[in-house]
Amino acid sequence: MKKTTCWGCLLMMLIAGMITNAFAQTKHEFDKKTYDKTAKKTIGRVLSGNIDADKMLTDMEKLVELGVAGCREHMNEPETPPIEVKMMKITIENAQKMTLLTLEKIEAQWHEGSVLKANGVDIEKFDHFAEVMCHYDAIVHPATAIICLNEYKKTKNEALLEQIKDELAEVREHLKHLD
């Protein structure tokens, strides 16, 4: 009787482990819903004129963090090609640094991809809405918005607010192409 109970318990534990593993594999690091909600909220603030630059900066930093999680998730998927893994690693490593650039430099280095190209990755070879580009832009666009917000705090130039709105609208479009 004890042997049967022991084997039964072992079998139950094995099944429970398999079920837990199946659920763990479907868990996503990238919180697309929170990302989209935060981006939409910030666009709403710009449109309403309710500008709290410090609060918006905090939200953009959160978007960069969420974007990093998405890049990590993408690069760790078994079917991700090595060139995309390389792209995600470079982007993650530079996520915080890119927020310190000027608008001109982030445009050349990240929107146009010169940093990646210098490292053997040509973003022009990817479809604009490919999964890898969507994750890439989930970092680059809020990083650009951070630069705009910091400049806005100094200059009160409202064109910067328009750019923030455009950056976030574009990245929200990218989110529609992610599972």
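Below are the figures for this structure:
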| item | result |
| --- | --- |
| Among the candidates ALA118, ALA138, residue that is within 21 Å of LYS40 (Cβ to Cβ) and of a type outside the set (Ser, Thr, Tyr) | ALA138 |
| Tally of residues being outside any helix (DSSP H, G or I) and either more than 19 Å from PHE30 (Cβ to Cβ) or of a type in the set (A, V, I, L, M) (or both) across the range 131-179 | 3 |
| Residue in the range 39-56 that is farthest from the chain's Cα centre (by Cα), counting only those that are within 13 Å of GLU162 (Cα to Cα) and either of a type in the set (Asp, Glu) or part of a helix (DSSP H, G or I) (or both) | SER48 |
| Complete set of residues in the range 109-160 that are small (Gly, Ala, Ser) and surrounded by 14 or more Cβ atoms within 10 Å (Cβ to Cβ) | GLY113, SER114, ALA130, ALA138, ALA143, ALA145 |
| Criterion violated by HIS128 - all others in (1) more than 13 Å from the chain's Cα centre (by Cα); (2) assigned to a helix (DSSP H, G or I) satisfied | (2) |
| Per-region count, the range 14-52, residues more than 22 Å from GLU131 (Cβ to Cβ), surrounded by 10 or more Cβ atoms within 10 Å (Cβ to Cβ) and modelled with pLDDT of 50 or more | 11 |
| Residue satisfying all of: in the range 93-105; surrounded by 15 or more Cβ atoms within 10 Å (Cβ to Cβ) and more than 19 Å from ASP122 (Cβ to Cβ); farthest from the chain's Cα centre (by Cα) among these | LEU101 |
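The values are calculated or read from the model by the stated rules, or taken from the named source; none is laboratory data. Remember, predicted model here, so these are calculated numbers, not experimental data. Please note: Cβ atoms are built from the backbone with ideal geometry, for glycine as well, and neighbour counts cover all protein chains shown.
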